[in-house]
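In what follows, a structure is listed as structure tokens, so that the remarks can point back to it.
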Amino acid sequence: MLGVHIIWFRDDLRVHDHAALRAACQNAERDGAGVLALYILPKGTRFISRFLYDGLRDLQTALDRRGAQLHVRYGTPIEVLSDLHRAHRVLSVQAHEASDVSQVDRDVEAWAMRAGLPYRVYQQFGPLPTASDFFDADSSWEAFMSEPRREASDIANSTNIGVGAWPEPEETVASSAYGASSGQGGRKAAIQLLRAILAAPGSSSTDSQPPESGAAAYQTLAPYLERGMLSVREAWQAAISARQQSVQAGQEIRAAMIASFIRGLPTLHLEKHPRRQGPRRLAPRGNGASPQQAGAQLSLSFAEPRRG
């Protein structure tokens, strides 16, 4: 084996709209190397929340369908990456930004520089703010969210070096309201919840009752966005399309609720970059993205394409 390109999953437990996964696959194809899907847990971890367990399970299922496995390792990121580099010749590390910026990110960047490895972290919660006095937060947000989603592809050069032992899920997670009963996590639950939030009144697409406000809707979806079971871009594009449909149908209350939901979507991004003023006019403008440009790209279906 000529080496491996690591895709380090953190708060991005999905395979769709995943820039880091796409980059790792492209690099591996270029170099004739392997792709190693990695998830790191602290040493001594015996249990994880049912919510996280469900998310990892759905991620593993999606990877299985594309010819890959999710490798679980225990330790600090530096320890795990160093061990893998010694044993399997790591060629690069690709990752998405985490929902919380910590010293870990800076430590891994320093380690990669010492090891002479490319380490790239991709934005997923919003555009990287600039120091320019002419930075237009509204336009930058809409441009970032309007970018085409990256569809997941087969991982032809997957590397299997032993998946590792999974921790057991905790069974005492407090029940979550609205589509996440008993702490249910995972991408399927996230899509079901988003469909319920955006559904037209009386729609048969879901049995769930919609929240009373867009703010409440965002709060119910936020845990899934924080873990990246659904990307913010996917949620934004679907909401843009649903709001435009409600406006065209004369459903003013539904349109207002969805607009309020859309305004909550930059929250994770603003928490990561508090010194920049965030988007102020997040309800779609008259000349904003159309369903053809945005929401029509997202199918809120649970079905994964069958692979031969």
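The values are calculated or read from the model by the stated rules, or taken from the named source; none is laboratory data. A quick note: this is a predicted structure, and the numbers were derived from the prediction, not measured. We place every Cβ from the backbone using ideal geometry, glycine too, and count neighbours over all the protein chains shown. The protein model used for the area step is the full one, side chains on, heavy atoms only, and it has no ligands, DNA or RNA in it. Shrake-Rupley method; radii C 1.70, N 1.55, O 1.52, S 1.80 Å.
Remarks
- 234, 170, 142, ranked by accessible area, largest first (probe 1.4 Å): 170, 142, 234
- Cut-off under 5 Å, modelled amide H: who pairs with residue 96 long-range: 10, 122
- Gyration tensor (alpha-carbon) shape descriptor, the stretch 1-128, a/c threshold 1.5: rounded
- Cα-based shape type of the stretch 53-163, given that a ≥ b ≥ c are square roots of the gyration tensor eigenvalues and the cut on a/c is 1.5: oblate
- Counting only Cβ charges, +1 for Lys and Arg and -1 for Asp and Glu, the dipole size of the stretch 49-163 around its Cα centre is about 720 debye.
- Heavy-atom accessible area, probed at 1.4 angstrom with all protein chains present, ranks 114, 10 as 114, 10, highest first.
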